[in-house]
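Quick notes on the structure that follows.
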Amino acid sequence: MTGRIIDGDQHLHEPRTMWRDYIDPSLRDAALAIEDDELGYAWLTWRGARLYPAEIQVPGKPSLIGKERLRMEAREPAEASYDELLPPEYTDPKARVTALDDFGLDAAVVFPNFGLLWEESLSDDLPALTGNMRAFNRWMAGVVSEGGGRLYGVAHVTMRDHEWLTQELRALADAGIKLAMTAPAPVNGKALSHPDFDPIWQAFCDADVAPVFHVGAFRQPLDPAWYEGDPEPVDKLLGSAFLWVAPAVAVANMAIHGTFERFPQLRVGVVELTAHWVPQFLLMLDGSWGFYAARHGGPLKDLPLRPSEYIRRQVRVGALAYEQPAGLIELCGEDTFMFGSDWPHAEGIADPIGTYEKMVPDLKAEARAKLFGGNTEWLLGL
């Protein structure tokens, strides 16, 4: 395989007191933490409330999570402490680099772990929301430094506070962070293509930081009624089945209303939100665009390119191994999809390259190089 091999989707566990250690002192009382309950189970907490179990997952073994939750529900004491169970490569940057060597990887993009769970819980307290995001980003800057050029850290940001985000993007650029996770959802009731956000997209371009849509605890795209009867607070069953809806709507909105035309340097990533939908989505988007123009005597907005062309030009999508990425590449071309293992999550793969390679045995060299690293390097602006 030619070119660098970059895993475009790994996760690093935040240390227990990271938010308290890195948050602005005036906001310390609003810091998240990982704390044990009376039975010895670790929880992600905020202001004394338990938000979510601090689970230590194992790739390919989701049943272990179910067994642990049944023990919790039965009020049985934890079998071992969180700290005893947490492997060093799950949380320590240098240990993760050693794991990359074991996997045969040149580098990895590292997303938050617990950061995927709390955004909506803090949504009514904007200072706490941005304060905890900034704390995480400061920690991630250290991860990038300790990673020696092999860990591409992903920041966590919100578009709800324009001044804060502009400052944060400058800080991320100074720290060498090239990606920032943000929600594929309306912001304060406005679509992402709204002209009010043009200064924000310009700030992303100026900082050379790419926004990335990823699984997370942001406001979900379907009507709340569809989720009723499911007690899971974050990854509800229907939410998992329709992971693709939020990013599909977001990039379609940005394409048809000219955001990508106005900001041709803007790079956007879609990671762990599946990729199987992309070929049919691009076909339907252009078809709908053309039909709308025919019915109305002209397009919704005059643009020199079709909507799909903007998305092909400026969006890269992480493809999971089971989604048969070779077939997706055949339908959409070599420039769209990225390899990622989701390691070390339960839905991830324990052998990133070996498992993924089985899905693309006959992929040509150039397409293989782009899938396994080239397209991720493009997203990173390298």
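No lab work stands behind these numbers, since they all come straight from the coordinates. The shown structure was predicted, so the numbers you read here are calculated from the model rather than taken from an experiment. Glycine also receives a Cβ, built like all others from the backbone with ideal geometry; neighbour counts cover every protein chain displayed.
Each of the peptides 305-312, 94-101 was scored by the mean count of other Cβ atoms within 10 Å over its residues; in descending order, highest first, they stand as 305-312, 94-101.
Mean separation of Cα pairs under 8 Å and 6 or more residues apart, divided by the residue count, gives region 270-337 a relative contact order of 46 percent. For region 64-221, the spherically averaged projection of the C-alpha convex hull amounts to 11.4 nm². Neighbours of ASP362, meaning other residues whose beta-carbon lies under 13 angstrom from its beta-carbon, give a summed charge of +1 when Lys and Arg score +1 and Asp and Glu score -1.
Since only GLN202, PRO186, SER341 are under comparison, the one whose Cα sits farthest along the positive direction of the charge dipole of the chain, derived from C-beta charges on Lys, Arg, Asp and Glu, is GLN202.
Considering every alpha-carbon pair of region 171-251, the percent of pairs per 5 Å bin, from zero through the bin containing the longest distance, is 3, 13, 22, 20, 17, 12, 8, 5, 1, 0.
Each peptide in 215-226, 110-121 gets a packing score, the mean of other Cβ atoms within 10 Å over its residues, and the list from highest to lowest is 110-121, 215-226. Expressed to the nearest 5 percent, the antiparallel share of DSSP beta bridges inside the chain is 30 percent.
For region 28-87, the calculated P(r), taken from all Cα-Cα distances in 10 Å bins from zero up to the bin holding the longest distance, is 21, 52, 23, 3 percent.
Under Stokes-Einstein, with the Kirkwood radius over Cα pairs standing in for Rh, what whole-number D in µm²/s applies to region 1-109 at 10 °C and 1.306 mPa s? Once the numbers are plugged in, D ends up at 99 µm²/s. Candidate membrane-span-like segments in the chain, meaning DSSP H helices with Cα atoms spread over at least 18 Å of their own axis and a Kyte-Doolittle mean of -1.0 or above, are 126-146, 162-175, 278-296, with no membrane implied. So what's the gap between the Cα centers of region 181-213 and region 217-260, to the nearest angstrom? If you average the Cα positions of each part, the centres end up 17 Å apart. Estimated from the Cβ-Cβ distance and a Förster radius of 51 angstrom, the FRET efficiency linking ASP24 and ASP362 is about 0.45. Descending by average beta-carbon neighbour count within 10 Å, the peptides 10-16, 371-377 line up as 371-377, 10-16, the highest first.
When the C-alpha to C-alpha distance is required to be over 31 Å, the pairs from LYS61/LYS94; LYS67/LYS364; LYS236/LYS370; LYS190/LYS358 that qualify are LYS67/LYS364; LYS236/LYS370; LYS190/LYS358.
Ellipsoid semi-axes for region 314-358, based on the Cα gyration tensor and the rule √(5λ), read 20, 12, 7 Å when sorted largest first. The convex hull built on the alpha-carbon positions of region 56-149 has an orientation-averaged projected area of 8.1 nm².
Orientation-averaged projection of the chain equals 19.1 nm² [convex hull of Cα atoms, one quarter of hull surface area]. Of the residues TYR52, ALA78, ALA128, the one whose Cα sits farthest toward the positive end of the charge dipole of region 1-159, with +1 on the Cβ of Lys and Arg and -1 on the Cβ of Asp and Glu, is ALA128.
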